[in-house]
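Here's the structure we're looking at; comments come further down.
Where a number appears in this text, it was derived from the coordinates with a stated rule and is not lab data. Values in this document were obtained by computation on a predicted structure and should not be read as measured data. Cβ coordinates were reconstructed from backbone atoms using ideal geometry, including for glycine residues, and neighbour counts include every protein chain displayed.
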Amino acid sequence: MTLLAVERIKLFSTRSPWWCMLLALGLTVGLTALISANWTGPLPVIGAVFTHTFGLYVVMVMAALAVTTEYRFGTIKSTFQAVPDRTSPLVAKAVVVMLLSALVGEAAAFGSWGLSWLLADDTSQLALTSANDWRHVAGVGLVYAAGALLALGVGALVRQTAGAVSIILVFALVIESVIGFIPNIGDDIQKWMPFTVVGKFIFGDPDASDIPNGAGPPAIGELSPWGSFAYFAAIALAVYVISLVVVKRRDA
C-alpha cells in the first residue's frame, strides 16, 4: 500500500497527467457532441463512443510519461535504491496508472453517451438495453487500462519521452493503417494488429435493431469481441513483462 501511495503522489505531483486527462475527456466528449448534434436519424449506442480512440491515444501518452519522466529527472534511481527489487515499484505504478486510465475511459464513454442524449435529435436507439450495449460503453474503460499498460511497457523499454510517444502514435495511427497495403498478405496481417483487433471489442456485434447489416464503424478480426479484448490485453501484458525483465537487467 505504501508503494501505491508513493506512485499516486508522484503521478499527481506533475501537471502532465492533469493536462492529459483533460485533453482525453475534452477530445472524446467534444467530438461526440459534434457528431451527435449533426447526426440524422436514430443515433446508435456505438455512435456515442465512436471517438474513444482519440482519448485512448492521449491516455497512452500519459502512461508513457509516467515512467519516462522518472528517467528524465533521475528520480527512478532513488526509487530503485529504496526498493532494490525494482519490480515492486513498477507494478505499483502500473496499478495506479491503469486505475486512473480506466476511470478516465469510463468518464469519457459515459460522458459522451450522456451528452448524446441531450444533443441527438433521435435517441430511440441510445438506451443501454443489452449486454452488447453495455460493452460498447463500459468497455472503453477496460481498453484504456490495457492501453495504459502497453504504453508503460514501451516507456520503460525506451526510457525517453519523445521515443516512447513516437513509437506509440506511429504504430497505432500509421503502421496499422498502411500495413494493409502490403500485397497479398497485408489484409491478413492487419486483422491481427492490436489496435485494429481491440476496435472489435467496442464496435463488434452491435444489436441488429440498432445498426443495419454492414453499416457502422469497421470491426475487423477473426476473434469474438471479448476474445479481441483478451488478445489486446495479452499483448499489452507481454510488452509490460518484457519491460520488467529488461529494467531489472540494465542500469537505471
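Here are the numbers for this structure:
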| quantity | calculated |
| --- | --- |
| Within the chain, helix-based [θ] at 222 nm, where runs of 4 or more DSSP H residues each add -39,500 (n - 2.57), nearest 500 | -23500 deg cm²/dmol |
| Positive-end residue of Gly41, Leu25, Thr129, charge dipole of the chain with Cβ unit charges | Leu25 |
| Three principal axis lengths of the stretch 117-163 [C-alpha, angstrom, descending] | 48, 24, 10 |
| Spin-label model distance (nm) - Met1 vs Phe171, 7 Å beyond Cα toward Cβ | 3.6 nm |
| Where labels lie 7 Å past Cα in the beta-carbon direction, separation of Val178 and Lys191 in nm | 2.4 nm |
| Theoretical FRET efficiency, 1/(1+(r/R0)^6), r = Cβ-Cβ of Gln81 and Leu31, R0 41 Å, to 0.05 | 0.40 |
| Relative counts (whole %) of C-alpha pair distances in the chain, using bins that are 5 Å wide | 1, 7, 13, 17, 17, 15, 12, 9, 5, 3, 1, 0, 0 |
| Calculated from backbone phi, Karplus (6.51, -1.76, 1.60) coupling profile of the stretch 144-157 in Hz, x at Gly/Pro | 4, 5, 5, x, 5, 5, 4, 5, 4, x, 4, x, 5, 6 |
| Selected from Gly155, Gly186, Gly114 as most flexible by GNM, with the chain as the system and alpha-carbon contacts under 10 Å | Gly186 |
| Per-residue HN-Hα couplings for the stretch 62-76 [Karplus 6.51, -1.76, 1.60; θ = phi - 60°; Hz; x = Gly/Pro] | 4, 5, 5, 4, 4, 9, 5, 4, 5, 5, 4, 9, x, 5, 5 |
| Highest-MSF residue in the chain out of Leu115, Leu157, Leu173 [GNM, Cα springs under 10 Å] | Leu173 |
